[in-house]
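Working notes, structure below.
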Amino acid sequence: MSQNQRCPRIQGPVAVRQSRFPTALSFAGASVLAFLSGGAVPFAAAQLRVVEWNVTNYSGGRVPEFQTAIYGVVPSGLALAGRSMAPDAIVGQEFLSQAGVNAFVQLLNTAPGSPGDWAAAPFIDGPDTDNAFFYRTSKLVVSNTVIISAANGSTTLPPRHTVRYDARLAGFADIPGARISFYSTHMKSGTASTDLSRRLQEASKIRDNANGLNTNGSGTALPAGWNFLVAGDFNIRSANESAYQRMVQSEADDDGRFFDPINAPGTWYSNSAFRFIHTQDPSTTGSGGMDDRHDQILIGASLLNNTPGLAYVGNQALTFSSATWNDPNHSYRCWGNDGSTFNLSLATATNTMVGPAIAQALVTVTNAGSTSGGHLPVLLDLRVPAKITSDTILDFGRVRRGSAAIRMLNVSNSTPTGTWVNNGYSPSVAIETLTYTLSASFGFVAPAGSFNDVAGGGGNAHTITMNTSTIGNKVGVLTISSNSIETPGRIVQLVGEVFACAGDFNDDGLIDFFDYLDFANAFSAEDVAADFNGDGTIDFFDYLDFVQAFDEPCE
């Protein structure tokens with residue numbers, strides 16, 4: 001066939017300009033426990049740090065003490081040197097007024113070292129001291145405040161409201177996997193039978209609500225699929241108490257079951273085996289000293305460390321150490337309690353966990369609030385979910401039949417490390433490692449196997465090929481199946497065109513000078529159509545192959 005001989009016209013997709021893909025490294029995801037086995041869990045403003053704190057009759061004041069306790073820096077020479085409590089959410093009890101809540105937000109935002117992005121959920125003034133919830137707006141978006149157990153002053157019913165605060169992770173889609181509810185409770189104190197009965201009522205409301213029941217009128221039930229935890233001053237001395245068992249035991253409906261993240265059941269009161277997790281009382285000695293685990297955080301099943309998405313940093317299967325506060329298997333801590341002062345006031349000058357300044361601030365905060373006993377804060381860290389980013393379309397351009405057709409697919413874990421990883425945490429601990437597989441529709445081929453990417457690692461590059469054995473338009477999809485809670489099945493469009501008469505570059509039915517001109521223009525612009533040999537790179541070999549095709553007859 002001569003140079004001006006017509007050949008069949010084949011319609012194809014519009015060529016899309018495409019830059020070359022850099023080679024990317026593939027990272028194997030490190031497990032939480034593999035990281036933890038190397039040493040103590042680092043304390044940092046990382047992941048999602050949740051703090052439980054009964055602040056003791058707060059209506060304002062105690063500003064420098066609270067600021068030091070929360071953002072004071074641990075001195076050099078200690079295991080946590082250079083770090084601070086630095087929470088992202090505070091579940092609080094014994095707030096007395098809206099003014100007190102406002103004052104607490106103010107001291108959080110003005111503390112030296114604070115990110116200054118604190119806000120408070122709506123405050124509900126009940127018949128006794130009240131709950132409050134504080135959060136960093138860069139980490140959480142709060143959507144709802146619900147009373148799930150109402151108090152009315154009765155001497156046989158719960159003495160205080162139990163409140164649930166609903167939120168989602170900032171920067172994530174508003175879907176169940178990114179949502180988390182925080183129950184705040186301050187249960188009845190005392191050891192009389194009526195006290196135990198009232199605590200059981202409070203615990204039952206929490207468990208029933210987490211099971212999906214409306215416990216205080218229509219619309220108060222925890223929505224299905226949400227993550228949840230309960231934080232509070234339980235006033236419970238033993239895991240055998242019926243109120244505690246109601247929250248943690250297995251039942252016919254286990255949707256709302258809670259778990260102790262440090263797996264430390266037992267009789268906590270006046271038991272030195274639990275001295276590292278005692279929270280009350282840091283300011284007195286003798287029978288009122290550090291001898292109670294009243295303050296706790298319990299988590300729902302979806303937050304256990306072997307579950308995908310948002311999860312506890314630590315191994316819930318392992319009981320917290322009875323020999324050190326610095327248990328490498330847990331992020332859970334009683335802030336300030338180094339375990340050296342069982343049944344005594346909290347050590348200050350010799351405190352090996354937080355140092356003298358922070359320890360003294362914790363004691364002063366307690367003394368200023370009450371003479372009848374105060375509380376240390378409890379904290380834990382939650383790993384945040386992986387996000388997935390990839391190309392949304394791969395255009396193979398116009399490829400001669402029988403030639404190689406290759407494009408590179410970039411896939412990465414895009415959860416921002418700048419938001420969720422700081423001061424000591426590894427990205428593989430602070431953020432869930434992305435795991436995924438690739439599957440291409442007929443006519444295209446993707447590599448088999450499972451792949452991983454740690455956030456901040458640069459992503460992975462995968463070779464995707466198009467079958468060029470037959471001519472015509474090629475259209476398909478590549479599915480990325482991953483552990484991303486937002487897009488577990490991400491779709492990438494695949495398009496291309498296979499030519500038999502490759503020399504007719506502009507597809508006008510003629511092989512002539514205009515084909516040369518159009519190819520040269522595409523080559524200069526690095527248009528994907530100029531990747532004539534389909535190897536994923538536009539270079540001199542494409543020019544040589546085009547010249548050869550121009551001189552060959554159409555089939």
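The values are calculated or read from the model by the stated rules, or taken from the named source; none is laboratory data. Keep in mind it's a predicted model, so treat the numbers as computed, not measured. Cβ coordinates were reconstructed from backbone atoms using ideal geometry, including for glycine residues, and neighbour counts include every protein chain displayed. Surface areas here come from the heavy atoms of the whole protein model, side chains and all, with no ligands, DNA or RNA. Shrake-Rupley method; radii C 1.70, N 1.55, O 1.52, S 1.80 Å.
Partners of K387 within straight-line reach, counting aspartates and glutamates whose Cα lies under 16 Å from its Cα and excluding those fewer than 8 residues away in the same chain: D174, E432, D453, E486.
Expressed as a whole percent, the accessible surface of the chain that belongs to carbon and sulfur atoms is 54, based on a 1.4 Å probe. In loop segments of region 437-531 as defined by DSSP, the chymotrypsin sites (Phe, Trp or Tyr not before Pro) with at most 11 further C-beta atoms inside 10 Å of their C-beta are F442.
Helix 513-524 axis versus longest C-alpha principal axis of the chain: approximately 20°, rounded to the nearest ten. Computed from label points 7 Å out along Cα-Cβ, the spacing between F513 and Q98 is 8.3 nm. The lysines whose alpha-carbon is closer than 26 Å to the alpha-carbon of K474, local same-chain residues fewer than 8 away aside, do not include any residue.
When you count the other C-beta atoms within 10 angstrom of each residue and take the mean per peptide, 151-158, 73-80 line up highest first as 73-80, 151-158. Note on region 300-401: Cα-only Rg and Dmax are 23.2, 87 Å.
Across the chain, counting alpha-carbon atoms alone, Rg and Dmax equal 30.6, 106 Å. Between N413, S154, S218, the Cα set farthest toward the positive side of the dipole of the chain (charges on each charged residue's Cβ, about the Cα centre) is that of S154.
Report, to one decimal in Å, the Kirkwood hydrodynamic radius for region 469-508 based on all distinct Cα pairs.
With all distinct Cα pairs of region 469-508 included, I get 12.7 Å.
For helix 540-551, what angle does its Cα long axis make with the longest principal axis of the chain, in degrees from 0 to 90 and rounded to 10? Value to nearest ten degrees: 40. With the highest mean first, a sort of the peptides 130-140, 219-229 on other beta-carbon atoms found within 10 angstrom per residue produces 130-140, 219-229.
With semi-axes defined as the square roots of five times the eigenvalues of the C-alpha gyration tensor, the equivalent ellipsoid of region 39-191 measures 27, 20, 15 Å, largest first.
Let me know the charge dipole size of the chain about its Cα centre in debye, to the nearest 20, where only the beta-carbon of Lys, Arg (+1) and Asp, Glu (-1) is charged.
1600 debye
Taking Cα atoms, how many degrees apart are the long axis of helix 98-110 and the longest axis of the chain, rounded to 10 and kept between 0 and 90? The two axes meet at around 60 degrees. For G397, the residues whose modelled amide H falls within less than 5 Å of its own, excluding neighbours fewer than 5 places apart on the same chain, are E497.
As a length-normalised measure over Cα pairs under 8 Å and 6 or more apart, the relative contact order of the chain settles at 18 percent. Spatial offset of region 506-555 relative to region 302-324 amounts to 59 Å, using the alpha carbon center of each. Computed over protein heavy atoms with a 1.4 angstrom probe, the accessible surface ordering of R207, R198, R179, largest first, is R179, R198, R207. When the charge dipole of region 231-331 is built from unit charges on Cβ atoms (+1 for Lys and Arg, -1 for Asp and Glu) and taken about the Cα centre, the candidate among I297, A323, F234 whose Cα reaches farthest toward its positive end is A323. Stretching L344 away from S250 to a fully extended chain increases their span by 30.2 nm, per 0.36 nm per residue minus the current alpha-carbon distance. D for region 421-478, whole µm²/s, Stokes-Einstein with Kirkwood Rh over alpha-carbon pairs at 4 °C and 1.567 mPa s: what number? Value of D from the Cα-based Kirkwood radius: 92 µm²/s. Heavy-atom accessible area, probed at 1.4 angstrom with all protein chains present, ranks T350, T279 as T350, T279, highest first. Take region 294-380 with all the other protein chains still there, run a 1.4 Å probe, and you get 29 Å² of accessible area per residue. Charge tally around A224: other residues with Cβ under 14 Å, Lys/Arg +1 each, Asp/Glu -1 each, net -3.
Around L344, under 15 Å between beta carbons, what's the net of Lys plus Arg minus Asp minus Glu among the other residues? Value of the local net charge: -3.
Of all lysines in the structure, the ones whose alpha carbon falls short of 16 Å from that of K188, not counting any fewer than 8 places away in one chain, are K205. In order along region 491-498, the Karplus-derived 3J(HN,Hα) couplings, from 6.51 cos²θ - 1.76 cosθ + 1.60 at θ = phi - 60°, round to 10, 10, 7, 10, 9, x, 8, 10 Hz, and Gly and Pro are given as x. Of E65, E52, the residue with the largest accessible area leads and the full order is E65, E52 (1.4 Å probe). Note on R407: accessible area is roughly 10 Å² with a 1.4 Å probe, heavy atoms of protein only.
Which whole-number percent is the relative contact order of region 94-219 (Cα, under 8 Å, 6+ apart)? Computed value for region 94-219: 19 percent relative contact order.
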